[in-house]
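Below: one structure, written as structure tokens.
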Amino acid sequence: MKKVVKDKVEALTGIESNMTIMLGGFGLCGIPENSISHLVEMGLSGLTCISNNAGVDDFGLGLLLQGKQIKKMISSYVGENDEFERQMLSGELEVDLIPQGSLAERCRAGGAGIPAFFTPAGYGTEVAEGKEVRDYNGKPHILETALTADFAIVKAWKGDTAGNLIYKATARNFNPMMAMAGKITIAEVEELVPVGELNPNEIHTPGIFVQRIFQGEKFEQRIEQRTTRQK
Amino acid sequence: MSLDKIGIAKRIAQELCNGWYVNLGIGIPTLVANYIPQGIEVEFQSENGILGMGAFPYEGDEDADLINAGKQTITATKGAVYFDSATSFAMIRGQHVQLTVLGAMEVSQTGDIANWKIPGKMVKGMGGAMDLVASADNIIVAMMHSNNAGISKILKECSLPLTGVGCVKKVVTNLAVLDVKDGKFHLVERAPGVSIEEIITATAGDLVVPDSVPEMSI
């Protein structure tokens, strides 16, 4: 099966307005930046985006927000983005805020064939409104449902032509679960190698979860909070 | 004199036990890592996917792929490990992390905590806070006793949207160390030079004051 596509244009073919898209990353770390820039160029609108964060004003998903291309965001934390806050408070943007662990597990469940699960996170808060509550081990838990997407777009450090992926450091974050939960999963990698070159012991995402893979043209890898110490 | 943020962090650092895995929230909790008592070894977990979080990198060594949950560039300690977000919250929900330290806007005498939302003003999201407070056995809240307007943040009931219910066991503020049990705050220690009357005045929730309240040693 041929999974390798030549560039971001071919990779994102078939994504249409009003679809639901998952995008990996935590803050600006491990986001599929080449794909996001092309989503902007495609001029799509009405998108539902599932992503832990919403980028900053001029990078990451912030670029899609600027063009008002997103209808709904499903995230755990959306600070650091003025345009996001403006659109949310004015009601232009629908926002579903989910505890971070529940978001990760809902994506994992979506990819793993688990339709729903009980978690203690959010019990007694507004997150629990309208959700079934059950006691397990003497403690209340709320029912959370799985998330899937028409397309999942993930970013990896290395990938091979069979779609196997290796992530680097904390750029792994949501990428492995989202890779599992996409009906079509697109992997954007820094380095694409022939099949057989990656050590099978070191692969994080098995290629079975990946339908398309390409090597990104350039990675800016912007740092959101540059913190250092003196030598 | 009441404690500053560093004083609060130093006092919380005294709670650390050898071998613990610890999750530190953003703000005062992050400072706790700078004051680990001698002879104590702990590992810091950051929920974006690292166990063995180290100091900030030297200038020029920053790596965009290596950050903490506050999105700050960090380093990894010897023996550190990276993992995905689902595994990270398995560590948290599964109670493999022994201590969580986090900040709060309000805490109630039944252990409720509010720290993620001010309706109409600040709606940034809860991030990992709800998962952390719902699961951790041992939660210490690091906060100022009152807000900038002088209004107590140690309350009978929280007024802001909750992050979790009945989960806080201990609060360390600029004035005091409080235990939360049986639906009341219990005064355990007072900050150096702070009187019991001062603490009673600054506490809106029910406060149990024992006959003798030692001063913290920082």
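Check A:ALA187, A:ALA179 and return the single one that is of a type in the set (Gly, Ala, Ser) and either in a loop (DSSP other than H, G, I, E, B) or within 14 Å of chain B (Cβ to nearest Cβ) (or both). Break it down into steps so the answer makes sense when it comes.
Working: A:ALA187 fails: either in a loop (DSSP other than H, G, I, E, B) or within 14 Å of chain B (Cβ to nearest Cβ) (or both).
Criteria check complete, one pass: A:ALA179.
I'm checking my understanding of the structure. Among residues of region A:191-218 that are assigned to a loop (DSSP other than H, G, I, E, B) and surrounded by 15 or more Cβ atoms within 10 Å (Cβ to Cβ), which one is nearest to the other protein chains (Cβ to nearest Cβ)?
Within region A:191-218, the subset assigned to a loop (DSSP other than H, G, I, E, B) is A:194-199, A:203-204, A:206, A:210-211, A:216-218.
From what's left, surrounded by 15 or more Cβ atoms within 10 Å (Cβ to Cβ): A:198, A:203-204, A:206, A:210-211, A:216.
Numbers: A:LEU198: 17, A:ILE203: 13, A:HIS204: 8, A:PRO206: 13, A:VAL210: 15, A:GLN211: 20, A:GLY216: 14 Å.
Of everything passing the filter in region A:191-218, A:HIS204 is nearest to the other protein chains (Cβ to nearest Cβ).
Just to check your reading of the model, which residue among A:GLY91, A:GLY124, A:GLY113 is farther than 17 Å from B:ALA90 by Cα, modelled with pLDDT of 95 or more and more than 8 Å from chain B (Cβ to nearest Cβ)? Please lay out each step first, then the result.
Working: A:GLY91 fails: modelled with pLDDT of 95 or more; A:GLY124 fails: more than 8 Å from chain B (Cβ to nearest Cβ).
Result: A:GLY113 is the single residue among A:GLY91, A:GLY124, A:GLY113 that is farther than 17 Å from B:ALA90 by Cα, modelled with pLDDT of 95 or more and more than 8 Å from chain B (Cβ to nearest Cβ).
Take the residues of region A:8-49 that are among the charged types (D, E, K, R) and open to solvent by less than 50 Å² (accessible area, probe 1.4 Å): which is farthest from A:ALA169 (Cα to Cα)? Talk me through it step by step, then tell me what you get.
Applying the first criterion (among the charged types (D, E, K, R)) to region A:8-49 yields A:8, A:10, A:16, A:33, A:41.
Within this subset, residues satisfying the condition of being open to solvent by less than 50 Å² (accessible area, probe 1.4 Å) are A:8, A:33.
Details: A:LYS8: 24, A:GLU33: 17 Å.
Selected residue: A:LYS8.
Which of the numbered conditions does B:ILE154 fail, given that it passes all the others? Conditions: (1) open to solvent by 20 Å² or more (accessible area, probe 1.4 Å); (2) more than 10 Å from every other protein chain (Cβ to nearest Cβ); (3) over 30 Å from A:GLU83 (Cβ atoms); (4) over 14 Å from the mean Cα position of the chain (by Cα).
Unmet for B:ILE154, out of (1) open to solvent by 20 Å² or more (accessible area, probe 1.4 Å); (2) more than 10 Å from every other protein chain (Cβ to nearest Cβ); (3) over 30 Å from A:GLU83 (Cβ atoms); (4) over 14 Å from the mean Cα position of the chain (by Cα): (1).
Here's the yes/no breakdown for (1) part of a strand (DSSP E or B); (2) out of contact with any helix residue (DSSP H, G or I) (no Cβ under 9 Å at 6 or more places or on another chain); (3) of a type in the set (Lys, Arg); (4) closer than 21 Å to A:GLY122 by Cβ:
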position	(1), (2), (3), (4)
B:CYS158	no, yes, no, yes
B:VAL180	yes, yes, no, yes
B:GLU189	yes, no, no, no
B:GLY193	no, yes, no, no
B:ALA204	no, yes, no, no
B:SER212	no, yes, no, no
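Would you point out the residue of region A:61-79, among those that are of a type in the set (A, V, I, L, M, F, W, C) and assigned to a helix (DSSP H, G or I), that is surrounded by the most Cβ atoms within 10 Å (Cβ to Cβ)? Break it down stepwise before answering.
The initial filter retains those residues of region A:61-79 that are of a type in the set (A, V, I, L, M, F, W, C), namely A:61, A:63-65, A:70, A:73-74, A:78.
So of that shortlist, the ones also assigned to a helix (DSSP H, G or I) come out as A:63-65.
Values: A:LEU63: 20, A:LEU64: 23, A:LEU65: 25.
Here the answer is A:LEU65.
So, in region B:73-132, of the ones that are basic (Lys, Arg) and in a strand (DSSP E or B), which residue ends up most open to solvent (accessible area, probe 1.4 Å)? Spell out how you get there, then give the answer.
Within region B:73-132, the subset basic (Lys, Arg) is B:78, B:93, B:117, B:121, B:124.
With in a strand (DSSP E or B) added as a condition, the list becomes B:78, B:117.
On the way: B:LYS78: 207, B:LYS117: 37 Å².
Out of the qualifying residues, it is B:LYS78.
Need pairs with beta-carbon distance below 7 Å; first residue more than 7 Å from chain A (Cβ to nearest Cβ) and over 22 Å from A:TYR167 (Cα atoms) and within region B:83-95, second open to solvent by 30 Å² or more (accessible area, probe 1.4 Å) and among the acidic types (Asp, Glu); sequence gap 6+ or separate chains.
From region B:83-95, the pairs are B:GLN95/B:ASP137.
Count, please, the residues in region B:133-151 that happen to be within 13 Å of chain A (Cβ to nearest Cβ) and open to solvent by 10 Å² or more (accessible area, probe 1.4 Å).
Qualifying residue count for the region: 3.
The values are calculated or read from the model by the stated rules, or taken from the named source; none is laboratory data. Keep in mind it's a predicted model, so treat the numbers as computed, not measured. Cβ atoms come from the backbone with ideal geometry, glycine included; neighbour counts cover every protein chain shown. Surface accessibility is based on the protein's heavy atoms, side chains included, excluding ligands, DNA and RNA. Shrake-Rupley method; radii C 1.70, N 1.55, O 1.52, S 1.80 Å.
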